[in-house]
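Q: Okay, handing you the structure first.
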Amino acid sequence: MSNVSPTVLSRIGRHLHRLPGHPLAITKRLIESYFGDPRTFPPCEERGCRPHHVQALDDLPPVVTPQANFDALCFPPDHPGRARSDTYYVNAEHLLRTHTSAHQHDALRSHQAAGYLISADVYRRDEIDASHYPVFHQTEGIYTMGPAWQQAVIAAAPGPVDLQPLAGRPTWIHAGNPIQGVHDPRVSLAVGQHLRDALEGLVRHVFGAAAEAKRDASPAPAAAPGVPIQPASAMPATDLPMRWIEGSFPFTSPSWELEVFWEGQWLELLGCGVVQQSIMDRAGLSDHVGWAFGIGLERLAMVMFGIPDIRYFWSEDERFLSQFADGRVRRFVPYSRYPVCYKDVSFWRPAAGFEENALAEITREVAGDSVERLECIDTFTHPKTGRTSMCYRVHYRHMDRTLTNAEVDAWQAQIAARMAQELGVEIRG
Ligand code: FA5
Ligand code: MG
């Protein structure tokens, strides 16, 4: 039943986010310091929420139940995230958490604080490139507001809210990203605003800490949809463009994502939204409302430290680790960029279908972290037979040395053999 690969298994227990002097631990600490300090994240006691206190957890074990990872978060039974193609199952009743939201319910039910931060390693079968890795780290943030806070919001904005102007902004609130029916729109809007303000402040705080780290000017992004962050809240320390776009999660509504323009493309940093009231109800907090977010620690750290590839975080090379050993934020000085070498494999897709994540896993098992990227470069369907042919390009690059053509050829041959055996494809060349 288990589909956890040896490579992934070997990552469990590394706790990179708790190693002093590791860039992920530094990033986690900056997030905790921001939410733990009333000067950067002001309390809202005067509006009657429970005492301002944010509890930070970072050592919850990674094996959870489908109930915690999916059901408690309102995932429908047929949600693709539950599939074995996306999720690592330890057995029928247990899986490796795919996100820190798996701990939302327990945190809320503990009723110990107004807010929670949960940092942890998470696991996903996913694509392979410079910003995706099957094991990564997230920090979950949750914040709740009580009845007095909600009453104050309503008192400050009497009368019904006109949602029309909001609906005119494509990525804000509309039928596909609605205010929950059980929520007073004024309260939901105020929760969403509190959330986005907090997160914009967080990003300023974190990237501000990287101010002394010299960064290259990023090219201006092409005109793109999305709501740009107001200049008033632009980061003083950097001129990185950021934008809010609409998100979609079963456990929040409305939902948003924050993206930053980095290395020539929009990089998603986090997802967030107003917590589904049924989740608050089940946690015994029916008179509270709340927001939640989940941020990718690697993504944030890559931008902050200028780390160009997500595989570096797993490096045990002194040339990497020594650069952060004093726990300070500084710009990463690359010590190597060995040449990339790529090989193509083309094949007939089996009638039963083809899962890219399964191919990604095979390439990782054969060539480990030397696989930098997996890219589909061609697909065509034969006009007579109706069979579909695909061509994938595997980019190989070792972090610490130059690869030889012979070893890459040997890997590529092994990958092709396993594809034929395990994925039922017919290799063409
Ligand atoms: C989630 O995981 C939601 N649980 C976030 C959330 C929490 C939403 C609470 C609402 C309320 P998502 O799948 O988008 O969402 O992942 C969140 C972040 O994790 C991404 O924005 C990205 O920064 C990071 N991330 C996702 N997949 C990978 C990956 N394969 N490698 C590295 N980072 C990743
Ligand atoms: Mg996302």
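Read-outs throughout are calculated quantities, based only on the coordinates presented, and are distinct from any laboratory measurement. Just so it is clear, the structure is predicted and the values come from calculations on it, not from any experiment. Glycine gets a Cβ as well: all are built from the backbone with ideal geometry, and neighbour counts include every protein chain shown.
Q: Note down the magnitude of the dipole of the chain about its Cα centre, charges +1 on Lys and Arg C-beta and -1 on Asp and Glu C-beta and zero elsewhere, to the nearest 20 debye.
A: Values: 40 positive and 50 negative charges, 60 e Å.
Dipole size: approximately 280 debye.
Q: Quick one: what Rg and Dmax do you get for the chain from the alpha carbons, in Å?
A: Spelled out, the Cα radius of gyration and Dmax of the chain are 23.0, 73 Å.
Q: Once amide H atoms are placed 1.01 Å from N in the peptide plane, what residues at a sequence separation of 5 or more from residue 256, or on another chain, have their amide H within under 5 Å of its amide H?
A: HN-HN under 5 Å from residue 256: 247, 272, 273.
Q: Any idea how far apart residue 7 and residue 377 come out in nm if each label point goes 7 Å out from Cα toward Cβ?
A: 2.0
Q: Which angle from 0 to 90°, rounded to the nearest 10, does the C-alpha axis of helix 23-36 make with the longest principal axis of the chain?
A: For helix 23-36, the angle is close to 10 degrees.
Q: If the elastic network links every pair of Cα atoms under 10 Å, which of 176, 386, 201 fluctuates the most in the Gaussian network model of the chain?
A: 386
Q: If we count every other residue with Cβ under 12 angstrom of residue 387's Cβ, Lys/Arg +1 and Asp/Glu -1, where does the sum land? Intermediate results must be reported in sequence, preceding the final value.
A: Numbers: positive: 349, 384, 428; negative: 426.
Taking every Cβ under 12 Å from that of residue 387, the sum is +2.
Q: Suppose the chain between residue 175 and residue 18 were pulled fully straight at 0.36 nm per residue; how much longer would it get relative to their current alpha carbon spacing? Mind showing how you got there, number by number?
A: Values: separation 157, 0.36 × 157 = 56.52 nm, distance 4.13 nm.
Here the segment from residue 175 to residue 18 would lengthen by 52.4 nm.
Q: Express the Stokes-Einstein translational diffusion coefficient of region 36-125 in µm² s⁻¹, to the nearest whole number, given a Kirkwood radius over alpha-carbon pairs, 20 °C and a viscosity of 1.002 mPa s.
A: Numbers: Rh = 14.7 Å.
Approximately 146 µm²/s, per Stokes-Einstein.
Q: Now, a different point. When only Cα pairs under 8 Å and 6 or more residues apart are kept, what is the percent relative contact order across the chain? Numbers along the way, then the final one.
A: Values: 755 pairs, mean separation 71.5, N = 429.
Taking the mean separation of contacting Cα pairs over the length of the chain, I get 17 percent.
Q: Multiply the residue gap between residue 63 and residue 151 by 0.36 nm, knock off their C-alpha separation, and tell me the result in nm, one decimal place. Could you put the intermediate results ahead of the total?
A: Working: separation 88, 0.36 × 88 = 31.68 nm, distance 3.99 nm.
The span from residue 63 to residue 151 would gain 27.7 nm if fully extended.
Q: Could I ask something else about it? Most mobile of 157, 102, 148 per a Gaussian network model of the chain (Cα springs, under 10 Å)?
A: Its mean-square fluctuation being the largest, the pick is 157.
Q: Something else about it: Starting from the Kirkwood radius over alpha-carbon pairs of region 341-427, derive D by Stokes-Einstein at 25 °C in a medium of 0.890 mPa s and give it in µm² s⁻¹. Could you put the intermediate results ahead of the total?
A: Numbers: Rh = 13.4 Å.
The estimated diffusion coefficient comes to 183 µm²/s.
Q: Test of understanding: ordering 305, 380 by Cβ neighbours within 10 Å, fewest first, what list do you get? Present the calculation step by step, with values, prior to reporting the outcome.
A: Numbers: 305 21, 380 11.
The most exposed by this proxy come first: 380, 305.
Q: With a 10 Å cut-off between alpha carbons and a GNM built on the chain, which of 325, 175, 416 moves the most?
A: Result: 175 has the largest fluctuation of those listed.
Q: Need the C-alpha centroid separation for region 313-327 versus region 1-16, integer Å.
A: 22
Q: If you don't mind, another one. What do you get for the angle between helix 356-367 and the principal long axis of the chain? Use alpha-carbon atoms, 0 to 90 degrees, nearest ten.
A: Tilt relative to the chain: about 60 degrees.
Q: Sticking with this one: Grab the Cα-Cα distance for residue 402 and residue 263, subtract it from 0.36 nm times how many residues apart they are, and report the gain in nm with one decimal.
A: Values: separation 139, 0.36 × 139 = 50.04 nm, distance 2.40 nm.
Separation in residues times 0.36 nm, less the Cα-Cα distance, equals 47.6 nm.
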